[in-house]
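Below is one structure, written out as structure tokens; the observations come after it.
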Amino acid sequence: MGWEISLLGLLVGLLVGLTGVGGAALLTPLLVLIGINPSIAVGTDLFYNSITKLFGTVQHWRQRTVNKTLVRYLAYGSIPGAISAVLILKAFDSVFHSSESFTKHALGVVLIIASVATLVKPLLKLKEKKSGEVEEHVVADKKILTVTVGFVLGFIVGLTSIGSGSLFALAMLYLFRLKTSEIVGTDIAHAFLLVTVAGIMHASFGNVDFALAGRLLIGSVPGVLIGSVLSAKLPPTPLRTAMAGIILISGLKLI
């Protein structure tokens, strides 16, 4: 499959640009449903996400919309969590030889959670801070909780590739009063670190199809650009709700 995969990347990129919904929640289940091995789908998506989030991280760093302290505390937990997930998955496969079935079912469960998070996230925007950055002492006071949340969600990302954006953004909305720009910038910067490490771990076990990732990027990059332009002309809420429904259905099909 060549142009078909690039077309799939274009579709996913277009939807991400239109709705802001995380690409992993769309791409990984689609890859599994068209016959890609679940572990390969997860590892390839992490590698693909690492490249796409690099550009976003650079842009938000220049805009000074990254809370570096919060990124650091989240990474203290999420990176060990992701590494643990990949190692446990490998050990599980060595003993039970059924990691693909386990990964597929785990994907289904996390997709259902991600669909709910997509619907709940806009409701929590009432808690956003209207101006100024979140106080550093507030982040420090919640250091242990932030690291713990990072570990749990990092484990989920390492296992399924899903949640580096949606679940962490939801956690930040709940734990801290951040401006929208800070939430997005901090989320993308942290996600870049997390998916890069998780992608390297999966690649070390042969779970990344680099040719597949390249074909997806050929389609998804213009797709995101086109979707971002169209998003200014279309109402986001109905589109986001529809995407949550698609993610939910995909999750149910994988369980």
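The values are calculated or read from the model by the stated rules, or taken from the named source; none is laboratory data. Values in this document were obtained by computation on a predicted structure and should not be read as measured data. Cβ coordinates were reconstructed from backbone atoms using ideal geometry, including for glycine residues, and neighbour counts include every protein chain displayed.
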> Of the residues that sit in the range 186-205 and are without any contact (Cβ under 8 Å) to a residue 60 or more places away in the chain and over 13 Å from the mean Cα position of the chain (by Cα), which one is surrounded by the fewest Cβ atoms within 10 Å (Cβ to Cβ)?
Replying inline: SER204
>> Condition first: over 28 Å from GLY154 (Cβ atoms) and either surrounded by fewer than 14 Cβ atoms within 10 Å (Cβ to Cβ) or aliphatic (A, V, I, L, M) (or both). Now tell me which residues in the range 206-235 satisfy that.
In response: ILE218, LEU225, ILE226, VAL229, LEU230, ALA232, LYS233, LEU234, PRO235
>> Among the listed residues HIS202, HIS190, identify the single one that is within 20 Å of THR103 (Cα to Cα), part of a helix (DSSP H, G or I), at pLDDT 90 or above and not acidic (Asp, Glu).
In response: HIS202
>> Any residue at all in the range 29-38 that's surrounded by fewer than 19 Cβ atoms within 10 Å (Cβ to Cβ), without any contact (Cβ under 8 Å) to a residue 60 or more places away in the chain and either of a type in the set (Lys, Arg) or touching a helix residue (DSSP H, G or I) at 6+ places or on another chain (Cβ under 9 Å) (or both)?
In response: yes
>> Could you tell me how many of the residues in the range 236-255 are assigned to a helix (DSSP H, G or I), surrounded by fewer than 17 Cβ atoms within 10 Å (Cβ to Cβ) and either among the basic types (Lys, Arg) or touching a His at 6+ places or on another chain (Cβ under 9 Å) (or both)?
In response: 1
>> Residues that are aromatic (Phe, Trp, Tyr), at least 1 per element: which helices (runs of 4 or more DSSP H) completely within the range 1-63 meet that?
In response: 3-19, 38-62
> Which of the residues belonging to the range 64-88 are outside any helix (DSSP H, G or I) and touching a helix residue (DSSP H, G or I) at 6+ places or on another chain (Cβ under 6 Å)?
Replying inline: THR65, VAL66, ASN67
> When the range 40-91 is examined, which residues are found to be small (Gly, Ala, Ser), modelled with pLDDT of 90 or more and buried (at least 17 other Cβ atoms within 10 Å of the Cβ)?
Replying inline: ALA41, GLY43, ALA75, GLY77, SER78, GLY81, ALA82, ALA85
> Can you find a residue in the range 103-114 that is assigned to a helix (DSSP H, G or I), of a type in the set (S, T, N, Q), modelled with pLDDT under 85 and over 22 Å from THR180 (Cβ atoms)?
Replying inline: yes
